Amino acid sequence: MKSLLLALLATAAAVPAAAQTATPAPATPAAAPRTPPKLVVAISVDQFSADLFAQYRNHFTDGMARLLTGVVFPSGYQSHAATETCPGHSTILTGMRPAHTGIIANNWLDQKVGRADKTVYCAEDERAGGDHEHYTPSDLHLKVPTLGDMMKRADPRSRVVAVAGKDRAAIMMGGHTTDQIWFWGGQNFISLAARQEPAVVTRANAAVGALLARPQEALPLPGYCTALSRPIAVGEQTLGTGRFERAAGDAKAFRASPALDGAVFALAAAMIEDMKLGRGPATDLIAVGASATDYVGHADGTQGSEMCIQMAQLDESLGGFLAELDRTGIDYEVMLTADHGAHDMTERQQQRAMPMEQHVAPAATAKIIGAAIGHDLGIAGPVLLGPETDVYLADSVPAARRAQVLTEAKRRFTAQPQVAAAFTRDELAATRMATTPPETWTLIERARASFDPERSGDLIVLLRPRVTTVAAPAPGYVETHGSPWDYDRRVPILFWRKGLAGFEQPLSVETVDIAPTLAATIGLRVSGLDGRCLDLDAGAADTCPAG
Ligand SMILES: [Zn+2]
């Protein structure tokens, strides 16, 4: 897959490779390069939990293995409670927690919006109409600049590109001023409204289209995956032994397979080549969103043949991408992390020493509890609205009754055996943003980090650990994330650059530390961020600015 696409795209976009002659190594190599890299490559692997990283790090032999020779933070934290894709991606290159990025969830409620379900998608412009499933992709809701935006502000010659399997990954990492932004649209790569398709994207779409039109045979099962390949009944499905064979033209199966990452890395490599990123007067940035791990996790769980093959293929796709970068001779810096973690589906967990794992019961939802409150207090119409964590009081609840309804909602949610805590917006607004290590945060501190008074619910409801918000498994959706618990918060953070001496720091850091860390390596001054600069120099020198 990887080699096929890269070959297609590389041939189409071939330019002579830059000089490959290595500079002679000094007698005592410095621990970190002193000059800024020419290209920053920021990669997010969607749902790549610290637990998956720990499980597979010794099996990686290609791209991931190379990154493991760099600076490794195995205990990175998406420190907030709303561990979903959009909030997670919004922290990676902004240096800000969701409370400041404004991206509090994938979807939230805006009762003023003129659409039936009042739901707004994080990466859309709802003013253009549609609904949260048929929408106009946009950076409208991201309240802060990204690293790319800051780079362009400091030097307009910097170019910023984002390529991803999901629009929200590309938009939240790319920001407001991307030169190119392309994401998977279900059949091909698409962009924001009014963006012209460059020839390189047309070529990539033709290559991916041809691949999609052919049937796919089963992918190889690495030896270390054999023990994981064991059937499990999950609802109506049998999972656990899948190998990603698919029929010609099956775009849905393509998306939930390693092929999606292959396409994303191939397009990213082709765009670097075509735009000559890393060869201009200023440092450029490309953000890459590898989304397949998340689709595979949701569809097949984390502990079967499917995720094992996905990890092997991701390693290979990433390796092919880095090899293309090497071929250009550019001095590039790579950062790889994830938007959130996850853990395996309830059914397999129950078989594997976790009998307490549960699906959420309908009794703990806004709909059921809201209806009961409306009935008992004699309030007509809907009382509580909202999908999962964020619960909103309906605008139709009379002003004089709102405090009473909120108190009653908190009491009834908290009384649910599956609910760990329910915090009102006043309680969250009165909580200070934590400054302690993220694994020590209280639940309300976690919720505070993804609370935005303009967008969050009136009540934030957090389920107990080992209760999933998947009420019943369905095709494509057997496990999920989004909880305030560490299996959803912990992600690896890796930095690699030629000449950077590797080290491992097992203590916790945060994904909001990534932007100030990368900014420092390119000599860009940033301030006022939630994160801090991480010193990537293994020795006495410091890659962070003094003071
Ligand atoms: Zn997900």
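Throughout, read-outs are computed from the coordinates displayed, never taken from laboratory work. Computed from a predicted model, the values in this text were never measured in an experiment. Virtual Cβ from ideal backbone geometry, glycine too; neighbours counted across all protein chains shown.
Can you sort Cys86, Cys308, Cys544 from fewest to most other Cβ atoms within 10 Å of each residue's own Cβ?
On the way: Cys86 28, Cys308 23, Cys544 16.
Least to most surrounded, the residues fall as Cys544, Cys308, Cys86.
Might you report the magnitude of the Cβ-based charge dipole of the chain about its Cα centre, with Lys and Arg at +1 and Asp and Glu at -1, to the nearest 20 debye?
On the way: 49 positive and 60 negative charges, 89 e Å.
Charge dipole of the chain: 420 debye, to the nearest 20.
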query: Looking at the chain, how many pairs of lysines come closer than 21 Å at the Cα, when each pair is eight or more places apart or spans two chains?
result: 15
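About its Cα centre, how strong a charge dipole does region 50-200 have in debye, to the nearest 20, once Lys and Arg get +1 and Asp and Glu get -1 at the Cβ? Before the final figure, lay out each step's value.
Values: 15 positive and 16 negative charges, 87 e Å.
My answer is approximately 420 debye.
Taking N as the number of residues in region 129-169, what is its Cα Rg relative to 2.2 N^0.38 Å?
On the way: Rg = 13.2 Å, N = 41, 2.2 N^0.38 = 9.0 Å.
Cα Rg divided by the expected 2.2 N^0.38 Å: 1.46.
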- prompt: Going by a ≥ b ≥ c, the root eigenvalues of the Cα gyration tensor, does region 192-258 fall in the rounded group (a/c under 1.5), the prolate group (a/b larger than b/c) or the oblate group?
  reply: prolate
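Which value results for Rg/Rh of region 254-361 when Rg is the Cα radius of gyration and Rh the Kirkwood radius based on the inverse mean 1/r?
Numbers: Rg = 17.7 Å, Rh = 15.9 Å.
Ratio value, two decimals: 1.11.
Which whole DSSP H helices in the chain pass both tests: a Cα extent of 27 Å or more along the axis and a mean Kyte-Doolittle value no lower than -0.5?
Values: long enough: 305-328 (35 Å, 0.01).
Long hydrophobic helices here: 305-328.
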- prompt: D for the chain, whole µm²/s, Stokes-Einstein with Kirkwood Rh over alpha-carbon pairs at 10 °C and 1.306 mPa s: what number?
  reply: 66 µm²/s
query: Fewest to most neighbouring Cβ within 10 Å: what's the order for Trp108, Trp441?
result: Trp441, Trp108
query: How big is the gap, in Å, between the Cα center of region 389-447 and the Cα center of region 482-532?
result: 30 Å
- request: Using packing as a proxy for protection, rank 64-76, 122-134 so that the peptide with the highest average count of other Cβ atoms within 10 Å comes first.
  value: 64-76, 122-134
statement: So for R0 = 22 Å, FRET eff. of Asp131-Gln111 from the Cβ-Cβ r, to 0.05, ends up at 0.90
